[in-house]
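Novice: Take this structure, written in structure tokens, and hold onto it; I'll ask about it next.
Each value in this text was obtained by applying a stated rule to the coordinates, not by laboratory testing. Because the structure is a prediction, the values reported are computed rather than measured.
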Amino acid sequence: MWRRSVRRSLTAFGLLLCLISQCLANADVVWAVNCGGPAHVDIHGIEYLADPLSEGIASDYGMSFTINRVPMEDQILYQTERYNTGDFTYEIPFSEDGDYVLSLMFSEVYFSEPNQKVFHVQLNREITIVNDLDIFDEVGFATALERHIPFQIVDGVLHVGSDS
């Protein structure tokens, strides 16, 4: 079982893993969660689990905002969040070697200026895949931002870019 560790005060929205070779067809989703929110099936039929964590705080503060760049049916994936002033970790089940893509879906629904929430994301608590992300600085308030990080598991070893 691999770990995805989130550092600092992360606002994580939808978290989705899919096989890299079939990601565009939305096939073979390994695991998806609506961070801080309830279960949801998106417009592509991807089933997001309700957030299973008890670390930090789950918030629906963003429910009063319409998120730019997101279909109305999937707003909930960007309006709910989990945050913490420390680290928190999602356990993601991997049963076999393969090529994967970690899709991170964000939106800033609390702060209204840059440098108020800056964080990084790690895989397996050791490989930083997103460093010093400031959602507001990149896209502004209540606007979707996605990051797609390809990685491999080979003989049980995690490989991401040149950090493998």
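Novice: Would you mind calculating the gained length between R147 and H120 on full extension (0.36 nm times residue separation, minus the Cα-Cα distance), in nm to one decimal?
Specialist: Additional length available on full extension: 8.5 nm.
Novice: Could you tell me the convex hull volume per residue, in Å³, taken over the Cα atoms of the range 19-164?
Specialist: With only Cα atoms used, the range 19-164 gives 117 Å³ per residue.
Novice: What full-extension length gain, to one decimal in nm, is calculated for M72 and S54 as 0.36 nm per residue of separation minus the Cα-Cα distance?
Specialist: 3.7 nm
Novice: Which cross-chain or sequence-distant (5 or more) residues have an amide H under 5 Å from the amide H of D51, H modelled 1.01 Å from N in plane?
Specialist: Residues meeting the amide H criterion: N34, G36, G37.
Novice: Here's something else I'd like to know. Rounded, prolate or oblate, given the Cα gyration tensor of the range 123-164, with a/c below 1.5 counting as rounded?
Specialist: prolate
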